[in-house]
1. In the range 144-194, which GluC sites (Glu not before Pro) are in a loop and have at most 12 other Cβ atoms within 10 Å, using DSSP for the loop call?
2. State whether the range 149-219 is rounded, prolate or oblate according to the following rule on the C-alpha gyration tensor (a ≥ b ≥ c being the square roots of its eigenvalues): a/c under 1.5 gives rounded; otherwise a/b larger than b/c gives prolate, and the remaining case gives oblate.
3. Calculate, for Lys180 and Asp42, the FRET efficiency according to 1/(1 + (r/R0)^6) with r their C-beta to C-beta distance and R0 35 Å; round to the nearest 0.05.
4. Take the alpha carbon atoms of the range 110-158, find their center, do the same for the range 40-54, and report the distance between the two centers in whole angstrom.
5. Using only alpha-carbon positions, what ratio does the radius of gyration of the range 45-109 give when scaled by 2.2 N^0.38 Å?
6. Assign unit charges at the C-beta atoms only (+1 for Lys and Arg, -1 for Asp and Glu), then state the dipole size of the range 45-109 relative to its Cα centre in Debye, rounded to the nearest 20.
7. Contour minus end-to-end for Arg51 and Glu73, with contour as 0.36 nm per residue of separation and end-to-end as the Cα-Cα distance?
8. Give the calculated FRET efficiency between Ala107 and Asp216 to the nearest 0.05, with a Förster radius of 41 Å applied to their Cβ-Cβ distance.
Amino acid sequence: MTDESPDFAALTETPDAVSGAGSYWDAADDAKADVVGRFAGDEGTWDPALRDAVVHLYKRRFISKAQHPQHWEPLVRNLPLVRADLNNHNLTLVIDITREVMFKKQAPIEDEAPTLLRDVSYSLEETALLVLLRSLTMDTADGVARVDHADLLTTLSEYRPAHVADEKAKAEKEARAIRKMVEIGILRRDATEEAYTIDRVIEAALPYDSLLALHDVLYNAPDSNMKQGDADDDEGDL
């Protein structure tokens, strides 16, 4: 990072700041710290808005301007600080200004450094939904893609085995897959709760090459009920 951050500037002043460490301590010092900081002994240098935004960046799978405007603005204004903080935790920041989304990724470290994030596997149903939702974002002129609840169920039915021993259990798995897309934030329920808006984060998180790879995985999945010729070869209809 070429620009000097406030954190770096504070470090250069450390010797002067601690030169009086052996001086008499008074309880009033803690009282002053409480007024400035959020808690006793608070030595943080970030304003509360940036602190909260970074905490949410760590806790959430992604931050978008559409869903989290109160966190998006502080993060965008302080990108060098945010990137440095993530890098200090062996993470990198992925930001798509056009789609107005950002998320963290585990940095590709070759040594045995500890990691904060872990790989999460998706079920067949969840993968099918990801492929469908990403495909739908490719067919929108205004950048806003929507899908009906019934269409989600129809897509999931295409990946049901020809003979399902437990229809109820399979339906519950499909319902859980849809709920997970909502919990992650990829799907946002419309007022009717019968349709959803697809968040554009899926475009940044699932580029076209990855979409093709997932489609191949689904097509060759042993549980898939897709038949030869069901898949469309056109890029926009995957």
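Laboratory data are not the source of any read-out in this text; all were calculated from the coordinates shown. As the structure is a prediction and not an experimental result, all values here were calculated from the model. Cβ coordinates were reconstructed from backbone atoms using ideal geometry, including for glycine residues, and neighbour counts include every protein chain displayed.
1. Taking the range 144-194 and a limit of 12 other Cβ atoms within 10 Å, the loop GluC sites (Glu not before Pro) found are Glu193, Glu194.
2. oblate
3. According to the calculation, E is roughly 0.45.
4. 34
5. 1.01
6. With only Lys, Arg, Asp and Glu charged at Cβ, the dipole is about 220 debye.
7. Answer, rounded to one decimal: 6.7 nm.
8. So the FRET efficiency works out to roughly 0.90.
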